[in-house]
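So the structure is just underneath, and the comments pick up after that.
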Amino acid sequence: MADNSSNHQFFRQNTGIANKLWLNLTTDNGLFNQILVAYVDGATDANDGPHYDAPRNLSSATAAIIYTGVDGDFTTKLAIQGKASSSLSTDEIIRLGFYTSISEAVLYRFSIAQTQGLFFDTEQIYIKDHLLNKLHNLSESDYEFESQTGAFNTRFEIVFNPQTLSIQATETDKQLLISQADANQLLIETVNGDFITKFQLIDQLGRLVNSETPQTASINIDTQHLATGIYITYIELSNGYKVSKKILKRR
């Protein structure tokens with residue numbers, strides 16, 4: 001691993017059938033960091049403690065790190081995450097946290113270090129960059145990007161189905177209506193009366209600027225305080241539908 005986080009009991013499981021994914025973060029100036037996400041019998045999607053989960057060592061001087069969290073909560077930043085075997089399917093989403101303190105221009109790179117198991121032998125692995133509105137196939141090539149300093153917990157996701165989240169709404173999207181009556185109001189409505197269970201608004205730097213769990217069929221978002229520019233909305237519905245859409249905040 002990239003730091004001193006280790007989990008000896010975890011690595012003693014040598015069934016040979018567990019599905020595991022190792023992901024590297026590197027830079028063109030030599031930095032290296034790695035995470036492991038493993039779907040193994042006995043683990044759950046909660047924090048299982050030292051049996052299956054290991055927190056990222058944050059005491060080192062590493063200038064850039066990647067990590068996962070339990071159910072998208074990055075309060076505990078994990079270098080190793082064990083998850084239930086039954087959780088792995090083509091609908092699985094691994095939310096990936098990223099932090100950098102590097103202020104000079106540098107090129108970051110995500111790459112698959114290693115995989116294990118039948119699932120990863122047969123499925124493609126994608127990374128979604130919500131900031132740049134990109135979907136990239138990591139199974140075919142590494143993903144390179146730039147970043148400002150800071151923590152970015154909503155920018156990146158690992159997915160196995162490119163349609164798990166729509167990168168941008170299309171005319172065939174019949175689940176939601178998004179309208180902007182004026183420059184300071186954003187109205188989101190479901191078409192079939194399903195509830196909006198989660199709403200997030202992300203700016204161009206990957207920062208979360210609004211987060212709500214309304215449990216209603218429509219929400220009205222006040223955008224008066226937002227700067228002009230492009231934002232990304234992430235929305236989940238009570239019927240399981242998930243989508244990410246771009247909006248333009250006008251003057």
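State whether one or more residues within segment 32-43 are in the same structural domain as residue 141 (by TED's automatic domain parsing), part of a strand (DSSP E or B) and among the charged types (D, E, K, R). Scanning segment 32-43 turns up no residue that is in the same structural domain as residue 141 (by TED's automatic domain parsing), part of a strand (DSSP E or B) and among the charged types (D, E, K, R). Picking from residues in segment 172-229 that are farther than 29 Å from residue 98 by Cβ and of a type in the set (Gly, Ala, Ser), the one that is modelled with the lowest pLDDT is 181.
Looking at segment 180-238, which of its residues are on the phi > 0 side of the Ramachandran plot, exposed (fewer than 14 other Cβ atoms within 10 Å of the Cβ) and either of a type in the set (A, V, I, L, M, F, W, C) or assigned to a loop (DSSP other than H, G, I, E, B) (or both)? Those that are on the phi > 0 side of the Ramachandran plot, exposed (fewer than 14 other Cβ atoms within 10 Å of the Cβ) and either of a type in the set (A, V, I, L, M, F, W, C) or assigned to a loop (DSSP other than H, G, I, E, B) (or both): 193, 215. When residues in segment 77-103 are screened for being surrounded by fewer than 15 Cβ atoms within 10 Å (Cβ to Cβ) and either among the aromatic types (Phe, Trp, Tyr) or at pLDDT 90 or above (or both), 4 of them pass.
State which residue is farthest from the chain's Cα centre (by Cα) when the search covers only segment 149-171 and only residues that are modelled with pLDDT under 80 and under 19 Å from residue 247 (Cβ atoms). Within segment 149-171, the match that is farthest from the chain's Cα centre (by Cα) is 171. Which of the residues belonging to segment 109-148 are part of a loop (DSSP other than H, G, I, E, B), of a type outside the set (A, V, I, L, M) and modelled with pLDDT of 90 or more? Correct list: 117, 123, 124, 139, 140, 141, 142, 146, 147. Would you mention how many residues in segment 71-86 are of a type in the set (Val, Ile, Thr) and within 21 Å of residue 119 (Cβ to Cβ)? Going through segment 71-86 one residue at a time, the tally reaches 1. Among the residues making up segment 104-132, those that are over 19 Å from residue 32 (Cβ atoms), exposed (fewer than 15 other Cβ atoms within 10 Å of the Cβ) and of a type in the set (S, T, N, Q) are 122, 124. Each residue in segment 23-54 was checked for being surrounded by fewer than 17 Cβ atoms within 10 Å (Cβ to Cβ) and over 25 Å from residue 105 (Cβ atoms), and 8 of them qualify.
The values are calculated or read from the model by the stated rules, or taken from the named source; none is laboratory data. In this text, all values refer to a predicted model and were calculated from it rather than measured experimentally. Reconstructed Cβ throughout: ideal geometry from the backbone, glycine too, with neighbour counts over all protein chains shown.
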